[in-house]
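Asker: Structure provided below as structure tokens; questions to follow.
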Amino acid sequence: MAYHSSAFKFQNHQRYGDNRHPALPWGYWLVSAGDIPGQAPLIDEDGREWESVRDAFWIGRLGLPDLRWKDELLEFIANYLAIVDGRFVADEERQFDIFLGDRHLSAFYQAFLEAAGLIDQHGGRLTQEGRAVLQMLIATRTQKDAQDAVGLSWIIANQSVARRSERVETAEQVERSEQVAARMLYRFATDTIASEPAVKLIGLHINHEIPVRSTLWTMTWPVGHEHARNRFYLWLVERIDRWESWSEMVKENGARALTEHLMKLAFCDRFSNGEANDSCNAD
């Protein structure tokens, strides 16, 4: 296996700014060999040809393989660098755990970017090359990725395994379903509770001869997991004929009884060959 020395920072105390303009985006030295200015292939100083400046950075500079999902990984690098830099995002975002509590993964990722020379080992700030890379990655974002703000907004929006188109389609289905469910006496609805996406069961009861809507049951997901919440809500919508019965279950046996019941149903729903036992038939 050949190891790419380009994956590590400059040697012999050489700095990025010694032979690069520190105020310009990374890759400004690439020369277009196409018939149209800026068109690929792009040629670097060693005569290597690249399809894009992102390819030159990912493969040529970092020495990483040409993965199918490299653009998504580059987007994560860009948004991580933006949070560290602090010029594009609010200061409080630096305190947010973008690795969902995995401190080992967080430490490894920072160590990798330090080894690559994009983050300073002592102050934890961006190096000159790190700022140049950030400028380049922001300037070359796709229209799809540009729909989310640089920084934490993009990271949260893409923590799900679902692609953006699927998340948008699911959100639209939820909106249509809630318009139908709004007319029901007992209904489930999506909500946000203390910044966490939630689903709640709302019921109507008479209080001193005045009908009042109250929350009978709730379930929440971690911040940024709206897609998982929406998928669960659509699972509930498919069983809309059971909502009144489930509401009675909460009133008679408490919220925990419904939670346990839904978990059993969700488990039974995983059977695709119809071999579930009789306990899965009573919903």
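The values are calculated or read from the model by the stated rules, or taken from the named source; none is laboratory data. On a predicted model such as this, the values are computed, not experimentally measured, just so you know. Cβ placement follows ideal geometry from the backbone for every residue including glycine, while neighbour counts extend to all protein chains displayed.
Asker: Limited to region 190-199, what total is found for residues that are in a strand (DSSP E or B) and either crowded, with 18+ Cβ neighbours inside 10 Å or within 19 Å of the chain's Cα centre (by Cα) (or both)? If you could, list the steps in order and put the result at the bottom.
Answerer: If we filter region 190-199 for residues that are in a strand (DSSP E or B), which is where we start, we get 190-193, 196-199.
Retained after the next criterion (residues that are either crowded, with 18+ Cβ neighbours inside 10 Å or within 19 Å of the chain's Cα centre (by Cα) (or both)): 190, 192, 196-199.
Here the count works out to 6.
Asker: Another question about this same structure. For region 98-175, which fully contained helices (runs of 4 or more DSSP H) count at least 2 residues that are under 30 Å from PHE232 (Cβ atoms) and either hydroxyl-bearing (Ser, Thr, Tyr) or at pLDDT 75 or above (or both)?
Answerer: On the way: elements: 103-115, 128-139, 152-157.
It comes to 103-115.
Asker: Now for a separate question. Among (1) within 32 Å of the chain's Cα centre (by Cα); (2) surrounded by fewer than 19 Cβ atoms within 10 Å (Cβ to Cβ); (3) in a loop (DSSP other than H, G, I, E, B), which single condition is GLY60 missing?
Answerer: (3)
Asker: Taking interchain pairs and intrachain pairs at least six residues apart, which have beta carbon atoms under 8 angstrom, with the first residue in region 54-70 and at negative phi and among the aromatic types (Phe, Trp, Tyr) and the second assigned to a loop (DSSP other than H, G, I, E, B) and buried (at least 19 other Cβ atoms within 10 Å of the Cβ)?
Answerer: Qualifying pairs under 8 Å: PHE57/TRP26; PHE57/GLY27.
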